[in-house]
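The values are calculated or read from the model by the stated rules, or taken from the named source; none is laboratory data. Because the structure is a prediction, the values reported are computed rather than measured. Because the Cβ atoms are built from the backbone with ideal geometry, glycine has one as well, and the counts that use them run over all protein chains shown. Surface areas here come from the heavy atoms of the whole protein model, side chains and all, with no ligands, DNA or RNA. Shrake-Rupley method; radii C 1.70, N 1.55, O 1.52, S 1.80 Å.
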Amino acid sequence: MPDVSQVADALAENADAGDAQHLQRFFKTGPGEYGEGDVFIGVRVPAIRKLAKQFAALPLTEVDVLLDSPVHEHRLAGLLILVEQFGRASAVRTRDDAARGRIADSYLAAVRRGRVNNWDLVDQSAPYILGDWLYDRPRDLVFELGTDEDLWRRRVALLTTFGFIRNGDASTTLAMAARVLGDRRDLTQKATGWMLREVGKRVDRVLLTGFLDEHAADMGATALSYATEHLDTDLRAHYRSLRRR
């Protein structure tokens, strides 16, 4: 049975000091920035994904140790291991809902204690764990997280709805987007616009334009820009002209 020290050692073997410096800047780790204090050792995502598959049998208690690490790549590895485990537990022929529930609970606990705390950590985990787990269950949790003022919990809620979108259901995305229209933080704006764009691309363009007909005037510039990115030029200009300055 693998343990957390093996994962940490494998990550260290793939670390690069130059990449670490770049990542510190890219993920805004300076004073007052959204990733303030986050620590990088310089491991690239493809290498972390490979290690997540290699250590997919890591017990949840050991995954928690990774998730509580101050090192960003440790947390990402822990999250990708959870995604890998959840995917395996969701296989059609060997589906294990008890295991899926344990993994979802472990992930949610990490979200609530602030360990899923940068946009890449959210985006690579929320749709594939909570998004799949909650698809055929009550979604009160999404709205609970989405109305939390914490930036990362709110983004988890928005990205969770991507799992629903992938299954053809836009209802929760549209409801969540309407609730967070007033949040002008850049990472909320981008997530909201991105999810709305995906509604138009993957579910129904009419649902997107209907939302924009009702809400474009109150949307932030970034969210509206992302949401209309794949519309034709004239329609994009029309919705942007509606926005209240």
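Numbers for the structure displayed
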item: Percentage relative contact order, region 59-147, counting C-alpha pairs under 8 Å, at least six apart; result: 28 percent
item: Electrostatic dipole magnitude of region 1-139 [Cβ: Lys, Arg +1; Asp, Glu -1; Cα centre; debye, to 20]; result: 500 debye
item: Cα convex hull volume per residue for the chain (Å³); result: 132 Å³
item: Dipole in debye (nearest 20) - region 86-245, about Cα centre, beta carbon charges: Lys, Arg +1; Asp, Glu -1; result: 300 debye
item: Overall form of region 162-245 per C-alpha gyration tensor (a/c, 1.5; a/b vs b/c); result: oblate
item: Extreme residue, positive dipole direction of region 1-98, given options THR94, LEU82, PHE40 (C-beta unit charges); result: THR94
item: Portion, in percent, of the accessible area of the chain that falls on carbon or sulfur, probe 1.4 Å; result: 50 percent
item: Å² per residue, accessible surface of region 159-232 at 1.4 Å; result: 39 Å²
item: Global geometry of region 1-98, whether rounded, prolate or oblate, following the gyration tensor of its Cα atoms and the 1.5 cut on a/c; result: prolate
item: Most positive-pole-ward Cα, ALA170, VAL63, VAL7, against dipole of the chain from beta carbon charges; result: ALA170
item: Value of relative contact order over region 135-206, rounded to a whole percent, pairs C-alpha under 8 Å and six or more apart; result: 31 percent
item: Prolate/oblate/rounded label for region 106-228 (Cα gyration tensor, a/c 1.5); result: oblate
item: Length-normalised contact order for the chain - Cα pairs under 8 Å, 6+ apart - percent; result: 11 percent
